[in-house]
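J.: This is the structure I want to talk about, given as structure tokens.
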Amino acid sequence: MKLELLAPAKNLDFGREAVNHGADALYIGAPAYGARSAATNSIEDIEALVRYAHLYGSKVFVTVNTLLYDPEIEEAVKMIHRLYEIGVDALLIQDLGLLACDLPPIELHASTQCHNASVERIKFMESIGFRRVVLARETSLEQMREIRSQTTLDLEAFVHGALCVSYSGQCYMSQYLNGRSGNRGACSQPCRSRYDLLDDHGKVLIKDKHLLSLRDFNASQHLGSMIAAGITSFKIEGRLKDLGYVKNITAYYRVLLDNLLDGDERHRRASSGRSTFFFTPDPERTFNRGYTDYFLRERHPMASFATQKSIGKRLGKVTSIGRNNLTISGDEPLTNGDGLCYLDGDGRLQGFLVNGVQGRTVTPNRMPDLSVGTVIWRNNDQRFEKQLLGDTAQRKVAVTLTFSATEQGYCLTIKDEDGISVTQPIEAAHIEANNPKGNSDTIVKQLGKLGNTPFVAEAISDTTGGLYFIAAAVINELRRRAVDMLIEHRISHFHPADLPRIDHQSPYPTPTLDYRANIVNDKAEAFYRHHGVTEVERGIEQRGDYDGKALMTTKYCLRYELGCCLQGKNRGRALLPLEASDTLVLRNNDRLFRLEFDCRECLMRINKR
């Protein structure tokens, strides 16, 4: 079974680097209708990325995963046909109204915004023609195993990056606050804002903290367990992150997966070639809010109340403070220009730049107000960031080259690690060589000069035995033509197969759908009614009716985070003396939100008050 490392591509250049750093597949935004409206790409750039990725057997998935209004559907379908024509491997979609349209025979993946959180939902997705589902980020290893046992779909799961506090597709907070819908690719990230926590009488329990901001996801220690649970695609979040992040995190997971695949006869990587890295990947050295493995194994604290910003890598503690400098414990090398940060006495993140370094003593650009024992992180690693600006990886496909004589001259056959083979002839005179052994050595040496091509020679053979003298220019031209031919053959070989649409009649698991089904166009309503749904409530984006509706539904629980779980599942000292009867309210500026705790389902809902 193939295992796929799936990396984000903000644009063409980012996508190429993700491939270079070992990605088996990429996901990139379409010209429109993607869940990251700030990361769109032209058809021409996507086509160029498809060619580059297919050269290595990597795939390109395009996100068309927003909800569509009726006037947008025709344009979206035309765009999808164009994406199919340029050889895109699959589409990620959220709006099932597209299934009631005239789509081309392209593979479909159900975006995580489809709320793929239950066996019943995922089995329905399989029955209507999806080839893959992107599991909800909240899915545990146990749930993954259960889903795997009841479906044959490819299962894609996140392994790294930012976490939405709400179930994807079930967050309406941004839409409510400012009309920017997350389901329409325009989320304003209210979960990263500061909130006050109040009781029902207006008493402030916690003031001005990032109460809904989660740490970043890091499942690197659980890859083996995820493979055993049936996950086949491992997804890195980050279409809005910088290039250094894409290089570093893709390389990090490439190394981890290759180590797991080494000696594993049941699994193999999903693309070709090997990446060589010119740096040591380290996820703590690029953007991160601190890490959590979320709900993979069990519930545990996962929020970052102090800040929604990157804290980076922990360096050590302040051991002494001078007049204009401070000394930090630890053995991490420090560099001029590093950005260091710490939490002040009020629990707020503060930072400063390093203007000078002498051993473990640094001179800040301004003296911070901190004390001995304060923990210091580095959220801007100057040396590492400069390293990531250069050439950091090289990916090569292994080939064998065979040189032979023909009646009209010579030919070169190149066969790659996937078994794709090309033979390129060239006309040239047969001139007897004075030194066959030395001549053969020269032929082999010239053929091995693959330089900046995507290939590396695993073996080279000269079947002529060096009997004929061939000018270096002739050998070089023959090699160049054969390499160009192999490149085109590889791109053509990895073109996706057609997957015709089938009108599946499977009934939807429930006969009624409320606003959480996110139906905002006539095609989507017709699709669900075709599958047996008799009552349909249109989505919030269309209705604008927020009364009595959850603005967020989240498995994250603020009571648990504060040590006040109503079921007593958390251990340790409670951060607040909350009683079971206490009603909790969040306040953001002048907006109030009531928290509802569903202990039977172990969920928290945030409602308009």
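The values are calculated or read from the model by the stated rules, or taken from the named source; none is laboratory data. Because the structure is a prediction, the values reported are computed rather than measured. Here Cβ is always computed from backbone atoms with ideal geometry, including for glycine, and neighbour counts include all displayed protein chains.
Conditions (1) surrounded by fewer than 24 Cβ atoms within 10 Å (Cβ to Cβ); (2) free of Cβ contacts under 8 Å to residues at least 12 places away in the same chain; (3) among the aliphatic types (A, V, I, L, M), marked per residue:
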residue: Asp216; (1), (2), (3): yes, no, no
residue: Ile227; (1), (2), (3): yes, no, yes
residue: Leu240; (1), (2), (3): yes, no, yes
residue: Gly244; (1), (2), (3): yes, no, no
residue: Ile249; (1), (2), (3): no, no, yes
residue: Leu260; (1), (2), (3): yes, no, yes
residue: Glu265; (1), (2), (3): yes, yes, no
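J.: Check Tyr528, Tyr556 and return the single one that is under 30 Å from Arg299 (Cα atoms) and at pLDDT 90 or above.
T.: Tyr556
J.: List the number of the failed condition for Val62; all other conditions in (1) of a type in the set (A, V, I, L, M, F, W, C); (2) closer than 30 Å to Ser421 by Cβ; (3) at pLDDT 95 or above hold.
T.: Here Val62 meets the rest and fails (2).
J.: Select from the stretch 278-314 the residues that are assigned to a strand (DSSP E or B) and either among the polar types (S, T, N, Q) or crowded, with 20+ Cβ neighbours inside 10 Å (or both) and list them in ascending order.
T.: Matches in the stretch 278-314: Thr292, Ala303.
J.: Restricting attention to the stretch 326-348, which residues are in a strand (DSSP E or B) and surrounded by 19 or more Cβ atoms within 10 Å (Cβ to Cβ)?
T.: Leu326, Ile328, Leu340, Cys341, Tyr342
J.: Can I ask one more? Being on the phi > 0 side of the Ramachandran plot and not small (Gly, Ala, Ser): is that true of Tyr33 here?
T.: So Tyr33 fits the description; yes.
J.: On to the next question. Which residue out of Arg543, Arg559, Arg516 is within 33 Å of the chain's Cα centre (by Cα), basic (Lys, Arg) and under 22 Å from Leu99 (Cβ atoms)?
T.: Step by step, each of Arg543, Arg559, Arg516 is checked, and only Arg516 is within 33 Å of the chain's Cα centre (by Cα), basic (Lys, Arg) and under 22 Å from Leu99 (Cβ atoms).
J.: What pairs come out if I take residues in the stretch 465-486 that are basic (Lys, Arg) and pair them with residues that are not in a helix (DSSP H, G or I) whose C-beta lies under 6 Å away, six or more apart or interchain?
T.: Close Cβ pairs satisfying both conditions: Arg481/Gln424.
J.: Let me ask something additional. Starting from the stretch 506-522, take each residue that is part of a strand (DSSP E or B) and list its partners that are among the β-branched types (Val, Ile, Thr), counting only C-beta distances under 8 angstrom and pairs at least six apart or across chains.
T.: From residues that are part of a strand (DSSP E or B), the pairs are Thr512/Val533; Thr512/Thr534; Thr512/Val536; Leu513/Ile519; Leu513/Val533; Leu513/Val536.
J.: Determine which single condition Ser492 fails, assuming it passes every other condition in (1) surrounded by 13 or more Cβ atoms within 10 Å (Cβ to Cβ); (2) outside any loop (DSSP other than H, G, I, E, B); (3) out of contact with any Ser or Thr (no Cβ under 9 Å at 6 or more places or on another chain).
T.: (1)
J.: Please work out if Ala39 is surrounded by fewer than 23 Cβ atoms within 10 Å (Cβ to Cβ), small (Gly, Ala, Ser) and in contact with a Ser or Thr (Cβ under 9 Å, 6 or more places away or on another chain).
T.: It is true that Ala39 is surrounded by fewer than 23 Cβ atoms within 10 Å (Cβ to Cβ), small (Gly, Ala, Ser) and in contact with a Ser or Thr (Cβ under 9 Å, 6 or more places away or on another chain).
J.: Here is a further query. Which members of the stretch 524-540 meet the condition of being over 33 Å from the mean Cα position of the chain (by Cα) and hydroxyl-bearing (Ser, Thr, Tyr)?
T.: Thr534
J.: Just to confirm my filter: which strands (runs of 3 or more DSSP E) fall fully inside the stretch 370-472 and include at least 2 residues that are out of contact with any Pro (no Cβ under 7 Å at 6 or more places or on another chain) and among the acidic types (Asp, Glu)?
T.: Here the list reads 455-462.
J.: How many of the residues in the stretch 389-413 are touching a Ser or Thr at 6+ places or on another chain (Cβ under 8 Å) and either more than 21 Å from Leu467 (Cα to Cα) or among the polar types (S, T, N, Q) (or both)?
T.: Number of matching residues: 9.
J.: Name the single residue that is modelled with the lowest pLDDT among those in the stretch 172-222 being among the basic types (Lys, Arg), part of a loop (DSSP other than H, G, I, E, B) and over 20 Å from Gly34 (Cβ atoms).
T.: By that ranking, first place goes to Lys203.
The rows are residues; the columns are (1) among the hydroxyl-bearing types (Ser, Thr, Tyr); (2) modelled with pLDDT under 95; (3) surrounded by 20 or more Cβ atoms within 10 Å (Cβ to Cβ).
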{"position": "Asp95", "(1), (2), (3)": "no, no, yes"}
{"position": "Cys101", "(1), (2), (3)": "no, no, no"}
{"position": "Gln113", "(1), (2), (3)": "no, no, yes"}
{"position": "Lys123", "(1), (2), (3)": "no, no, no"}
{"position": "Arg137", "(1), (2), (3)": "no, no, yes"}
{"position": "Arg148", "(1), (2), (3)": "no, no, no"}
{"position": "Glu156", "(1), (2), (3)": "no, no, yes"}
{"position": "Leu163", "(1), (2), (3)": "no, no, yes"}
{"position": "Ser166", "(1), (2), (3)": "yes, no, yes"}
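J.: Arg82 fails exactly one of the following numbered conditions: (1) in contact with a helix residue (DSSP H, G or I) (Cβ under 8 Å, 6 or more places away or on another chain); (2) in a helix (DSSP H, G or I); (3) surrounded by 19 or more Cβ atoms within 10 Å (Cβ to Cβ). What is the number of that condition?
T.: The single condition Arg82 does not satisfy is (3).
J.: Moving on to the next point. Which numbered condition in (1) surrounded by fewer than 19 Cβ atoms within 10 Å (Cβ to Cβ); (2) outside the structural domain of Tyr69 (by TED's automatic domain parsing) is the only one that Gln221 fails?
T.: (2)
J.: Hey, can you tell me all the residues within the stretch 168-188 that are touching a Pro at 6+ places or on another chain (Cβ under 7 Å) and surrounded by 23 or more Cβ atoms within 10 Å (Cβ to Cβ)?
T.: Scanning the stretch 168-188 gives a single hit, Met173.
J.: State all residues of the stretch 17-34 that are over 15 Å from Arg254 (Cβ atoms) and either surrounded by fewer than 24 Cβ atoms within 10 Å (Cβ to Cβ) or over 12 Å from the mean Cα position of the chain (by Cα) (or both); if no residue qualifies, say none.
T.: Of the stretch 17-34, the ones over 15 Å from Arg254 (Cβ atoms) are 27-34.
Scanning the stretch 17-34 gives Gly29, Ala30, Pro31, Ala32, Tyr33, Gly34.
J.: Of the residues Leu486, Leu499, which is at pLDDT 95 or above and either outside the structural domain of Gly273 (by TED's automatic domain parsing) or not hydrophobic (A, V, I, L, M, F, W, C) (or both)?
T.: Of Leu486, Leu499, the one residue that is at pLDDT 95 or above and either outside the structural domain of Gly273 (by TED's automatic domain parsing) or not hydrophobic (A, V, I, L, M, F, W, C) (or both) is Leu486.
J.: Another question, then. Just one of Ser329, Ser304, Ser271 is assigned by TED's automatic domain parsing to the domain that holds Gln143 and either of a type in the set (S, T, N, Q) or at positive phi (or both); which is it?
T.: The unique qualifying residue is Ser271.
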